[in-house]
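The values are calculated or read from the model by the stated rules, or taken from the named source; none is laboratory data. These numbers were taken from a predicted model, which means no experiment stands behind them. Every residue, glycine among them, receives a Cβ derived from its backbone with ideal geometry; neighbour counts consider all protein chains shown.
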Amino acid sequence: MDETEKKYRKKISRRDFLKSSAVAGAAIGTLSLGAQNAEAVPVPKKWDKTADVVIVGTGYSGLAAAIVSRQLGMSVLLLEKMPVPGGNSVIAHGGANAVDPERQKKQGIQDSTDLHFKHTMEGGDMINDPEKVRYFVDHALADAVQYLERLGVKWPEKVVRGYGALWERTHYPGTYVDKQGKNWKMGAANVRAQLDELERIGQPIELQHEVTGIVREKPLEGRVLGVEVKNKNRKMYFRAKKGAILASGGFGANIAWVTQLDRRLAETGTTNHPGATGECIKYSQDIGADTLHMDYIQAIPLNDVKPPYKATFFLIESEEVRKASISMPYRIFVNKEGKRFVDEGARRDVIKQAVLAQPPFEPLAQITADTIEELEAKCNLPKGSLVETVRKYNAACEAKKDQEFDKHSSILIPIKTGPFKANSRAMQRHHTMGGLLVKGTTGQVIDRWGKPIPGLFAAGEVTGGTHGTNRLGHNATVDCLVFGQLCARTVAKEKA
């Protein structure tokens, strides 16, 4: 164990981690998920389908788990409740944070897995599970970046600092060309490459198969045997001989749950697809599973705002910015007074608080202008305000020092050359940091008494522990891919 890890393990013992998890996870009780009243599905008299492993969800975690499960010789039932596969992953930006010496050295970037560990722990205010974070950073390159490369995804040679990533280790955006010659980009590329691999090996996906409960030998004891499924109003039971892997995602689209935890998000939109509603967390609690960090909800200004939602700032860019990166930290955020109000490269939770504090205004369609003065007028900003803001910012870029918000010099890109663009943005419900408590080196779900639940595993946003209070931008892709594969490898060792 290196000195970096010793530092964090000393600060957070396993007992303290579980204690803090229990406190943070206590908020789940306010969501009325039935945690105190076991509602486990009775063992059926007959199973409709049986496989070595049942995998719930077809985002990054579920697809990776299915591919590795098949590579390890297991039979797989892969379930998706929506009409199409991909979940949030297919609409995500899909960048991946990983220490990549070959690429980073060419750019003069100093990095290490210890530094990635440090950034992730500190970015989550050190309530993350250090064991899980250690596994995550150590396997990020091989099980995320290189895993997708083996499936045909191409990454740029230049790594960047993604939004909220805090360091230049983001591989973004990925691209993929399928066998029909169609080009895919970002999250869709990462998903399409895995779907094509599943098609190649003959692994079907059971679409519109919604899990409605988990079957355990006894409500709070014994092994998980499988899942209860609904398909077109038909109830079925699928047997998992070795184990069930939950890769069903978070609850960012569940407005009822989210707003009970952060009422400010009631008036925001969401970046999530409609199926990101988190029921499998409840079903796991019904059989005794524990949760953690459920009250930490990330919001980001990812997409342009349209009515009926209000905007709270403009995202401003120049030709220099567009050439540097498509990532948001390289741009500036300007409120309706024409002023910057935050370090655009800060932690996502810091930016969330700053954006939510800005006064709202009616959103405008994307604005393009040849001069800053014209852009200012088209955005209805006070006369001279944006001109002065850009003047000060360009001076900071030239000096490589942002006196106003201390933005890192590596992402200080001047706004000098048009056409200039402004997009109306506001916070949107994005990622839920909390979820099921799992063992960091196996993916096995832990119950409320601190014991592993036999036969139940989970990966991705349905779990908590990796990110703590705040997820670093582009850590999620890696989280999902790494732990989806880990779960498959663990299940393969189980007895049928």
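Residue count for the range 137-154 satisfying the condition of being over 19 Å from the mean Cα position of the chain (by Cα) and closer than 12 Å to N97 by Cβ: 0. Of the residues making up the range 458-496, those that are assigned to a helix (DSSP H, G or I) and surrounded by fewer than 24 Cβ atoms within 10 Å (Cβ to Cβ) number 3.
Take N272 and decide whether it is within 16 Å of the chain's Cα centre (by Cα), of a type outside the set (G, A, S) and either farther than 30 Å from K451 by Cβ or at pLDDT below 95 (or both). Yes; evaluated as a whole, the condition is true for this residue. Q203 meets all of the listed conditions (1) in contact (Cβ under 8 Å) with a residue 40 or more places away in the chain; (2) over 25 Å from G275 (Cα atoms) but one, namely (2). Take the conditions over 30 Å from P42 (Cβ atoms), surrounded by 24 or more Cβ atoms within 10 Å (Cβ to Cβ) and touching a Lys or Arg at 6+ places or on another chain (Cβ under 8 Å) and apply them to G174. Does it pass? Yes: the conditions hold for G174. The single residue among R161, R150 that is over 24 Å from A299 (Cα atoms) and out of contact with any Leu (no Cβ under 7 Å at 6 or more places or on another chain) turns out to be R150. Note on the range 95-113: residues that are surrounded by fewer than 16 Cβ atoms within 10 Å (Cβ to Cβ) and touching a residue at least 60 places away in the same chain (Cβ under 8 Å) amount to 1. Take the conditions closer than 30 Å to A247 by Cα, crowded, with 22+ Cβ neighbours inside 10 Å and either within 21 Å of the chain's Cα centre (by Cα) or not charged (D, E, K, R) (or both) and apply them to N335. Does it pass? Spelling it out, it is not the case that N335 is closer than 30 Å to A247 by Cα, crowded, with 22+ Cβ neighbours inside 10 Å and either within 21 Å of the chain's Cα centre (by Cα) or not charged (D, E, K, R) (or both). Whenever a residue of the range 394-405 is assigned to a loop (DSSP other than H, G, I, E, B), its partners that are of a type outside the set (K, R), lying with C-beta atoms within less than 6 angstrom and at least six residues away or across chains, give the pairs K400/S409; D402/A396; F405/D343. Can we say G455 is touching a Leu at 6+ places or on another chain (Cβ under 9 Å), part of a loop (DSSP other than H, G, I, E, B) and in the same structural domain as L265 (by TED's automatic domain parsing)? For G455, the condition - touching a Leu at 6+ places or on another chain (Cβ under 9 Å), part of a loop (DSSP other than H, G, I, E, B) and in the same structural domain as L265 (by TED's automatic domain parsing) - is not met. Of the residues contained in the range 198-208, none is found to be modelled with pLDDT under 95, at positive phi and polar (S, T, N, Q). Tell me which of these P204 doesn't satisfy, since it passes every other one: (1) in a loop (DSSP other than H, G, I, E, B); (2) surrounded by 19 or more Cβ atoms within 10 Å (Cβ to Cβ). It fails just one condition, (2). None of M126, M121 is modelled with pLDDT of 95 or more, crowded, with 21+ Cβ neighbours inside 10 Å and closer than 26 Å to K407 by Cα except M121. Scanning the range 410-421 for any residue that is more than 24 Å from D125 (Cβ to Cβ), in contact (Cβ under 8 Å) with a residue 60 or more places away in the chain, surrounded by 24 or more Cβ atoms within 10 Å (Cβ to Cβ) and not assigned by TED's automatic domain parsing to the domain that holds D290 turns up at least one such residue.
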